[in-house]
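Here is the structure we will look at, set down as structure tokens.
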Amino acid sequence: MKSQIKIGTVFGVELGLHYSWLVIALLITFSLVAQFHTENRSWSEPLVWTISIITGVLFFACLFAHELSHAVVAKARGLPIHKITLFLLGGVAQIEKEASDAKTEFWMAIVGPFTSGILGLILLGLAWLSGWVPRTAPATPGTALLVWLGYINLALCAFNMIPGFPLDGGRVLRAVLWWAMGDAERSTRLAARVGQAIAVVFIGLGILQFFQGSGLGGLWIAFIGWFLLQAAGATYLQVQTGSLLRGLRVKDVMSSDYQSVDPNTSLEVFVHEQLLRSGRRCFLVAQGGRLLGLITPNEIREVDPKDWPVRRVGDVMRPADKIHSISPDMPASQALEIMGREDVHQLPVMSDGRILGIVTRAHLLQILRARLELANVTIRRRAA
């Protein structure tokens, strides 16, 4: 998931927000306003709104801390991670490749809930030291902030430990199964199945509560279940994809018959003599065998056609430092995963700073389709 609002960088990890985060931010703020009004009727309207907004902001800081803990452990274990994005249902740390062993997977998964749990206990401890008595309404705005954040972090810890993949608890389950069976693929498949089962329970429970009068609360539980069902299904599909592409490297599927364009070519010449005539949608911008960037119809559409004669390809291309290049020895399944994560349809293949070829999503999907059809034929023959 890409972040549309960038906040900053911590420990080399980019922090960002997805637009859907604004929805949950508003819902949480309005919910806090209603709660603080109910518990403390003597507080003024400006005070209630101020403490609600501050509490909401700190809650999302706690979410960042949860995801950042995943990132810190991943980096310590040698796994590259560059982004943390908050969205409608929480946050996601975008790790570029999966853990290579069960121990790494376990610690990466468990550290998030552990961080939330410790934060919750610390915050409730601070509230208690400030005079708050458990099971009573906080008397001051500062105490109310600490109590709400303390309980929500404990709830976040408990929710994430549900063994429904891809929640942290589901990843802990996968790590345990992986350690017990010694098979990463099989353990992921089983954890995804458990995740799907738990998601169905969430959906059923949410619908039941809705018809029993819980209103939006029931629908929210059902929506979370639907999200988990989709995520677990996507994980299962990813495992199947990895199985079908097993043994294939990027060098086996890349095309050396790529077309490149000089950065000094005018857009008018490029469009009429290369883009329209070839029918290709992606061109590497190169000079002397060195990759400078990439240009597709998306970049062309950003320029007024009357400016094409005076604008160069190099002016509008996507520069090389914003392109995710891959090595020829990378597994083909990992290349497909990168395309999905970065929302791109092609990746240049590089070695020692030189362009070797290009891999496209369409080509990989054709290979997947052919292998899936062959696998289905083999299964039918065995069944017969």
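Calculate, in nm to one decimal, what Leu208 and His345 gain on full extension: separation in residues at 0.36 nm each, minus their alpha carbon distance.
Length gained, Leu208 through His345: 45.1 nm.
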Exercise. Between Val303 and Arg135, what is the spin-label point distance in nm, taking each point 7 Å from the Cα along the Cα→C-beta axis?
Worked result: 7.2 nm
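Please quote Rg/Rh for the chain to two decimal places, taking the Kirkwood radius as Rh and restricting both calculations to Cα atoms. Before the final figure, lay out the partial values.
Values: Rg = 25.3 Å, Rh = 24.2 Å.
Radius of gyration relative to Kirkwood radius: 1.05.
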Problem set entry | Contour excess over end-to-end distance, with Cα ends at Thr38 and Ile53 and 0.36 nm allotted per residue | 3.7 nm
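What value does the stretch 92-216 have for Rg/Rh, both radii from Cα atoms and Rh as Kirkwood defines it?
1.10
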Problem set entry | Distance between modelled label sites at Asp315 and Ala234, nm, 7 Å Cα→Cβ extension | 3.8 nm
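For the stretch 40-151, take the alpha-carbon Rg, divide it by the Kirkwood Rh, and send me Rg/Rh. Walk me through the intermediate numbers first.
On the way: Rg = 17.4 Å, Rh = 15.8 Å.
My calculation puts Rg/Rh at 1.10.
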Seminar exercise, completed: Contour minus Cα-Cα span, Arg290 to Ser327, at 0.36 nm per residue, comes to 11.8 nm
Exercise. What's the long-distance tail for the stretch 178-244, i.e. % of Cα pairs beyond 15 Å?
Worked result: 56 percent
For this session: Determine the percent antiparallel among the DSSP beta bridges restricted to the chain, to the nearest 5.
Result: 80 percent
For this session: Could you check the simple spin-label distance between Ser256 and Lys103, using points 7 Å along Cα→Cβ, in nm with one decimal?
Result: 4.2 nm
Exercise. What do the square roots of 5 times the Cα gyration tensor eigenvalues come to for the stretch 214-260, in whole Å, largest first, as semi-axes of the equivalent ellipsoid?
Worked result: 41, 15, 4
Seminar exercise, completed: With +1 at each Lys and Arg Cβ and -1 at each Asp and Glu Cβ, the charge dipole magnitude of the stretch 250-368 around its Cα centre, to the nearest 20 debye, comes out at 120 debye
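Largest first and in whole Å, give the semi-axes of the stretch 249-384's equivalent ellipsoid, each being the square root of 5 times a Cα gyration tensor eigenvalue.
34, 17, 12
No value in this document is a laboratory result; all are computed from the given coordinates. It should be emphasised that the depicted structure is a prediction, and the values quoted were computed from it without experimental measurement. Cβ atoms come from the backbone with ideal geometry, glycine included; neighbour counts cover every protein chain shown.
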